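The values are calculated or read from the model by the stated rules, or taken from the named source; none is laboratory data. Quick caveat, the model's predicted, so the values are computed rather than measured. Here Cβ is always computed from backbone atoms with ideal geometry, including for glycine, and neighbour counts include all displayed protein chains.
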Amino acid sequence: MLDLLQQPIRGAEIAKRLCITRQRVRQLLLKLHAQGLVRFLDPRDPLWAVARADDETNALNREELRVLQVMPREYATTLTKIRLAAKLPECTASEALNRLIAAGFVDAFHGLKGQQVFRMTGAGLSHPQLGNAAHSAPAPRLPVESDRVREVLCCIADAGALRIRDLTEKLAIERRSMNALMQYLKRKQLVKKAGADLVAPYSLTGEGHAVLTEMLRRNAA
């Protein structure tokens, strides 16, 4: 049986490979554990997963694995989205997440509006226990989501800075509507005046660039 434990493995997988019952697997694992040859990743359930005692893999417990399995690869998301996807209480998910961060399997950083967000690292993606996740926790909601806003932000980003008059011409949007939209984006701190003049052009803020990048990613997905 020890030959099967090249990496952490489920008891059910051992039973399948050896063509024996799960009860027999349990008996054998308990014997190996008593000899100090294996360790259980969930002491409450020896059959859940087991690893060799000398295996240096940073094995995950049940809660850590559930959190890692719903961590997004291509984008970052919040603790709330993660715990809901993993179906865990907030305290349990937070503790598991902190351990995954400490182990280097998850990155934590500040996202839009300074909100703390999380994303799987390359080490997390290659973890032998990960397998194929059924779904990832969704990304947090953006402060703006309309196609028109995306077009305006794209247009400004491409030009570097644009006046409202230029935007109305490029996008064929009525001047009054464009004025209102730019004031809305300014309140959202996505655009700013590139000068003190009344007709100075608008450029994107750092937050505006971040929002546009995420909007384009979601639109392409």
Could you tell me how many of the residues in segment 111-144 are without any contact (Cβ under 8 Å) to a residue 24 or more places away in the chain and touching a strand residue (DSSP E or B) at 6+ places or on another chain (Cβ under 6 Å)? 1
For Asn179, all conditions in the list (1) part of a loop (DSSP other than H, G, I, E, B); (2) at pLDDT 90 or above; (3) not hydrophobic (A, V, I, L, M, F, W, C) hold save one; what is the number of the exception? (1)
If you check Ala210 against the conditions, is it touching a residue at least 24 places away in the same chain (Cβ under 8 Å) and either surrounded by fewer than 17 Cβ atoms within 10 Å (Cβ to Cβ) or outside any helix (DSSP H, G or I) (or both)? yes
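Here's the yes/no breakdown for (1) loosely packed, with under 12 Cβ neighbours inside 10 Å; (2) under 30 Å from Leu4 (Cα atoms); (3) touching a Pro at 6+ places or on another chain (Cβ under 6 Å):
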position: Glu63; (1), (2), (3): no, yes, no
position: Asn98; (1), (2), (3): no, no, no
position: Thr121; (1), (2), (3): no, yes, no
position: Ser126; (1), (2), (3): yes, yes, no
Considering only residues that are in a helix (DSSP H, G or I), basic (Lys, Arg) and surrounded by 14 or more Cβ atoms within 10 Å (Cβ to Cβ), which ones fall in segment 182-197? Lys186
Residue list for segment 2-36, restricted to those being within 20 Å of Leu60 (Cα to Cα) and surrounded by fewer than 16 Cβ atoms within 10 Å (Cβ to Cβ): Leu2, Leu4, Gln6, Gln7, Ala12, Glu13, Leu30, Gly36
Among (1) over 30 Å from Asn61 (Cα atoms); (2) of a type in the set (S, T, N, Q); (3) under 29 Å from the mean Cα position of the chain (by Cα), where does Asn179 come up short? (3)
Quick one: Asp42 ticks every box in (1) within 23 Å of the chain's Cα centre (by Cα); (2) surrounded by fewer than 20 Cβ atoms within 10 Å (Cβ to Cβ); (3) charged (D, E, K, R) except a single one, so which number is it? (1)
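A quick yes/no check of all residues on (1) crowded, with 17+ Cβ neighbours inside 10 Å; (2) more than 29 Å from Arg218 (Cα to Cα); (3) in contact with a helix residue (DSSP H, G or I) (Cβ under 8 Å, 6 or more places away or on another chain); (4) of a type in the set (S, T, N, Q):
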residue: Ala59; (1), (2), (3), (4): yes, yes, no, no
residue: Leu79; (1), (2), (3), (4): yes, no, yes, no
residue: Glu90; (1), (2), (3), (4): no, no, yes, no
residue: Ala93; (1), (2), (3), (4): yes, no, yes, no
From the list Ala159, Ala133, exactly one residue is hydrophobic (A, V, I, L, M, F, W, C), modelled with pLDDT under 90 and within 34 Å of the chain's Cα centre (by Cα). Which is it? Ala133
Identity of the residue in segment 143-162, crowded, with 17+ Cβ neighbours inside 10 Å and not β-branched (Val, Ile, Thr), that ends up nearest to Val67 (Cα to Cα): Arg150
Does at least one position in segment 2-14 carry a residue that is more than 30 Å from Ala210 (Cα to Cα) and more than 32 Å from the chain's Cα centre (by Cα)? yes
Going through Leu84, Leu79, Leu60, Leu28 one at a time, which residue ends up being free of Cβ contacts under 8 Å to residues at least 60 places away in the same chain and either of a type in the set (Lys, Arg) or closer than 21 Å to Gly104 by Cβ (or both)? Leu79
